[in-house]
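Once you've had a glance at the structure underneath, I'll fire off some questions.
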Amino acid sequence: MIVRRKLSVALATAALATGLLTAAGPASAKPAGQAAAECGVRSDGKLWCGNRVGAKGYEHRSYGSAVRGPLNSSFSWFACWGPGDPHGGGNNIWYWTQLDNGQWGNVPAVDVYTPVDPAPGLRQC
């Protein structure tokens, strides 16, 4: 009886550990669910795409310019794109949007989860 109980506890522990590892998934640079999220230009001409929560919008397409505000949501729209200073995304593309505080700002493409930059079909500004 004691052996059966220990075996049951051991199996339950192993199953729980396996479930937790599976739920966590492999380590990745992409946020969870990014691949399944919509990211494209809709009929309104805006790019609707996932973004990094807390991404900053800047006055100009440069980290050296004033911060206008944040993107607190994880899914936003972007009106257009333009070239600016290089950033950690390996390019110099920045996206123009209305930030969550109502201000307008430029967000570096590294913080917008596009499959390619600039996003196909989005106008340049």
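Highest first, please rank the peptides 107-116, 74-83 by the mean number of other Cβ atoms sitting within 10 Å of their residues.
Result, highest mean Cβ count within 10 Å first: 107-116, 74-83.
In whole Hz, with x marking every Gly and Pro, tabulate ³J(HN,Hα) for segment 95-101 from phi via Karplus 6.51 cos²θ - 1.76 cosθ + 1.60, θ = phi - 60°.
10, 9, 8, 8, 6, 5, 9
For segment 72-125, take the convex hull of the Cα atoms, compute a quarter of its surface area, and give me that in nm², please.
3.7
How much of ARG61 can a 1.4 Å solvent probe reach, expressed as accessible area in Å² and rounded to 10?
60
Okay, moving on. Where in segment 95-114 does the label zone of TYR63 land, with the point 7 angstrom along Cα→C-beta and an amide N cut-off under 16 Å?
So the set is 95, 106-112.
The values are calculated or read from the model by the stated rules, or taken from the named source; none is laboratory data. Just so we're clear, the structure is a prediction, and the values are computed from it rather than from any experiment. Counting neighbours? That spans all protein chains shown, and the Cβs are built from the backbone with ideal geometry, glycine included. When the accessible area is computed, the model is the full protein with side chains, heavy atoms only, and any ligands, DNA or RNA have been set aside. Shrake-Rupley method; radii C 1.70, N 1.55, O 1.52, S 1.80 Å.
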